Amino acid sequence: MLLGLGRSVARLGSSFQPHLLASQKCGESAKKALIILAPGAEEMEFTISADVLRRAKINVTIAGLDTCEPIKCSRDVVIVPDTSLEQAMGQGNYDVVVLPGGLAGNKALMESCDVGELLRQQESQGGLIAAICAAPTALAKHGIGKGKALTSHPDMKRQLEENYIEQSVVQDGNLITSRGPGTSFDFALKIVEQLLGAEVAKNVAKPMLVTFKP
């Protein structure tokens, strides 16, 4: 199953109601998000995050961890990224860096020096970092969010005992974490809320028949 989400999700987003960003100032540049896609990533967490952010008119770049070639996810869905992480890192700063979960994908994120460098730079600049499911353990591996409250998939709890909270989505400063595929909408909408405000998040959620929880 081949999904060119680097392009197809963009088309989904471009059909959404233009009034959603009425709260933004005229001429203000769009917010930028980078989603890192590694082999074995959890496709629901990736796809829902990318789709929801693009519905909010956030400029999403999907970066393959080591390649811009098609990447097979945890349930054999194959996704075509927009670019490679190396290329994406040379395209300026991002308002949010998003890490989907998935055990194999998360292992690759943990082992990547480029991911660690990017996350540390994002944190030092006060940029938003968002991780879901297993991915909060990649944050810990790279020394990100020390001392901050967070959550993850229950199976990862032992690795993240300090300041662990069992909620669907936890935000502590510039760090947003969430638990798994079933919390992906809440996770993505929380990112939208932080970048564009609660009203935009509410307007994005409504036509998807999702309840936004500020």
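The values are calculated or read from the model by the stated rules, or taken from the named source; none is laboratory data. Only a predicted model underlies this, so the values are computations on that prediction, with no experimental measurement involved. Neighbour counts run over all protein chains shown; Cβ positions are idealised from the backbone, glycine included. Calculation scope for accessible area: heavy atoms of the full protein, side chains included, ligands and nucleic acids excluded. Shrake-Rupley method; radii C 1.70, N 1.55, O 1.52, S 1.80 Å.
Worth pointing out:
- Checking each residue in region 76-85 for being outside any loop (DSSP other than H, G, I, E, B) and either open to solvent by 30 Å² or more (accessible area, probe 1.4 Å) or under 11 Å from Pro39 (Cα atoms) (or both) picks out Val78, Ile79.
- Residue, most open to solvent (accessible area, probe 1.4 Å), within region 114-132, restricted to residues that are under 19 Å from Val192 (Cβ atoms) and not in a helix (DSSP H, G or I): Gly126
- Among the residues listed as Ala108, Ala134, Ala138, Ala205, the single one being under 20 Å from Asn59 (Cα atoms), under 18 Å from the mean Cα position of the chain (by Cα) and at pLDDT 95 or above: Ala205
Table: residues versus (1) in a loop (DSSP other than H, G, I, E, B); (2) in contact with a Ser or Thr (Cβ under 6 Å, 6 or more places away or on another chain).
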| residue | (1), (2) |
| --- | --- |
| Ser29 | yes, no |
| Ala33 | no, no |
| Ile36 | no, no |
| Gly40 | yes, yes |
| Ser49 | no, no |
| Leu53 | no, no |
| Ile62 | no, no |
| Cys68 | yes, yes |
| Ser74 | yes, no |
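- Close pairs (6 angstrom Cβ cut-off, 6 or more residues apart or separate chains): touching a residue at least 24 places away in the same chain (Cβ under 8 Å) and closer than 21 Å to Thr151 by Cβ in region 112-137, buried (at least 24 other Cβ atoms within 10 Å of the Cβ) and acidic (Asp, Glu) anywhere: Ile132/Glu45; Cys133/Glu42; Cys133/Glu45
- Of the residues making up region 150-197, those that are of a type outside the set (A, V, I, L, M, F, W, C), in a loop (DSSP other than H, G, I, E, B) and free of Cβ contacts under 8 Å to residues at least 60 places away in the same chain are Thr151, Ser152, His153, Glu161, Glu162, Asn163, Glu166, Gln167, Ser168, Gly173, Asn174, Arg179.
- Taking region 86-111 as the range and being over 25 Å from Pro154 (Cβ atoms) and either of a type in the set (Ser, Thr, Tyr) or crowded, with 24+ Cβ neighbours inside 10 Å (or both) as the test, only Tyr94 passes.
- For Ala138, the conditions (1) open to solvent by less than 20 Å² (accessible area, probe 1.4 Å); (2) over 19 Å from Asp95 (Cα atoms); (3) out of contact with any Leu (no Cβ under 7 Å at 6 or more places or on another chain) all hold with the exception of (3).
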